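Throughout, read-outs are computed from the coordinates displayed, never taken from laboratory work. Given the structure is predicted, the values throughout are model-derived calculations rather than measurements. Backbone-built Cβ (ideal geometry, glycine too); neighbour counts: all protein chains shown.
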Amino acid sequence: MNERTAFKPVDRETAGTLSAAEAIQYHYDNETRFFSLFLDETLCYSAARFHLPNRAEPALDNLYDAQWAKIRFHLDALQLKPGARILDVGCGWGAILAAAVTEYEGRGAVGLTLSKDQRDHIESRNLKGVEVRLADVYEAELDGPYDGIVSVGAFEHFARPAMNKAEKIEAYTRFFEICHKNMMPGAFLSLQTIVWDTPTFEEAKTWIPETVFPQSDIPFIDEVVTASHPLFRLEYLENRREDYILTLDQWIKNLKAKKDVIIAEWDQEKYDFFEHYLRNSKLAFARRKNALSRFVLKRR
Ligand SMILES: C[S@@+](CC[C@H](N)C(=O)[O-])C[C@H]1O[C@@H](n2cnc3c(N)ncnc32)[C@H](O)[C@@H]1O
């Protein structure tokens, strides 16, 4: 086994003591090479967009095209003019930042992440106009106003498992206040997040994978709407659990195809942990515990 990459899953008790940055680094700083073995070439680590609205059958049949459809969905939602500057809260390995300055003729794209591996990867790409900051959106001094903001797959980390509904809404409200303060009037915020589809708050609590994503809880749709409504007008909402089922199918397939490589370069424990978590995630969507929402919000 390669000592530099030893992976030790945390227990529940330890998971509950991690800071926001430690919790993110525990999951995401498992080496960019490792994630590249099961993600597609865009390195998007969030649901792709296989479906068009109001169509049961997927419009696309491969992950790469569906990830690009997702990237375009969010950037189109911002209705950017050439020379625009955007902020990506939770930018991952930078797919949206890169597209913003190339395909969308953006002047600048600033990404926030709490993962050092992701920051290093983006910096190594040397993309003109792209800047990545290792910073917590709740604490960073942001240099707005931006012409648009995207946030894909980060909202899932903004609430803590111990929070009740009112506390979650308060945490989300603070996020929307930060975005509002750093956007031009009338600008768009395109937000993608996993949501609870369980009928009750209590049932959702039993499904929180605290040792996979420590210090995280995901929203119910009504919590996002309540928290954003005073500052943003809801322009569009889609809710497609099938998009995540198809994405996870492909990630699981890719991971299994690289099983020998992963065990040789890291160890069996790391492989088992990730396979188990990806399978359980798929189950949560298949059993309608979770769904996947995209909100397009216009700053009031
Ligand atoms: C599931 S990844 C999604 C990455 C990327 N948007 C994508 O779709 O591939 C979650 C991202 O949110 C970031 N994140 C989570 N909480 C954050 C916070 N409080 N401030 C800044 N970034 C955060 C993580 O560092 C990571 O980049």
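Residues checked against (1) touching a Ser or Thr at 6+ places or on another chain (Cβ under 8 Å); (2) surrounded by 16 or more Cβ atoms within 10 Å (Cβ to Cβ); (3) outside any helix (DSSP H, G or I); (4) among the hydrophobic types (A, V, I, L, M, F, W, C):
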| position | (1), (2), (3), (4) |
| --- | --- |
| Phe188 | no, yes, yes, yes |
| Gln192 | yes, yes, yes, no |
| Thr198 | no, yes, yes, no |
| Pro219 | yes, yes, yes, no |
| Ala227 | yes, yes, no, yes |
| Glu235 | no, no, yes, no |
| Gln250 | no, yes, no, no |
| Leu255 | no, yes, no, yes |
| Ile262 | no, yes, no, yes |
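When residues of the range 27-64 are filtered for being free of Cβ contacts under 8 Å to residues at least 60 places away in the same chain, of a type in the set (Gly, Ala, Ser) and within 13 Å of the ligand (Cβ to nearest atom), how many remain?
1
Can you find even one residue in the range 114-135 that is within 23 Å of Pro219 (Cα to Cα), surrounded by 14 or more Cβ atoms within 10 Å (Cβ to Cβ) and touching a Ser or Thr at 6+ places or on another chain (Cβ under 9 Å)?
yes
Quick one: would you say Leu18 is under 15 Å from the mean Cα position of the chain (by Cα) and within 14 Å of the ligand (Cβ to nearest atom)? So that I can check it myself, show each step before the final result.
Working: under 15 Å from the mean Cα position of the chain (by Cα): no; within 14 Å of the ligand (Cβ to nearest atom): yes.
Answer is no for this residue.
Within the range 86-139, how many residues turn out to be in a loop (DSSP other than H, G, I, E, B) and within 10 Å of the ligand (Cβ to nearest atom)?
Result for the range 86-139: 12.
Quick check on Gly148: is it over 30 Å from Glu203 (Cα atoms), more than 14 Å from the ligand (Cβ to nearest atom) and either assigned to a strand (DSSP E or B) or of a type in the set (Lys, Arg) (or both)?
So Gly148 passes the test.
Can you find a residue that is in contact (Cβ under 8 Å) with a residue 60 or more places away in the chain, touching a helix residue (DSSP H, G or I) at 6+ places or on another chain (Cβ under 6 Å) and under 22 Å from Lys70 (Cβ atoms) anywhere in the range 178-188?
Scanning the range 178-188, I find at least one residue that is in contact (Cβ under 8 Å) with a residue 60 or more places away in the chain, touching a helix residue (DSSP H, G or I) at 6+ places or on another chain (Cβ under 6 Å) and under 22 Å from Lys70 (Cβ atoms), so the answer is yes.
When the residues of the range 93-126 are filtered to those that are of a type in the set (Lys, Arg) and without any contact (Cβ under 8 Å) to a residue 60 or more places away in the chain, which remaining residue is farthest from Ser190 (Cα to Cα)?
Arg125
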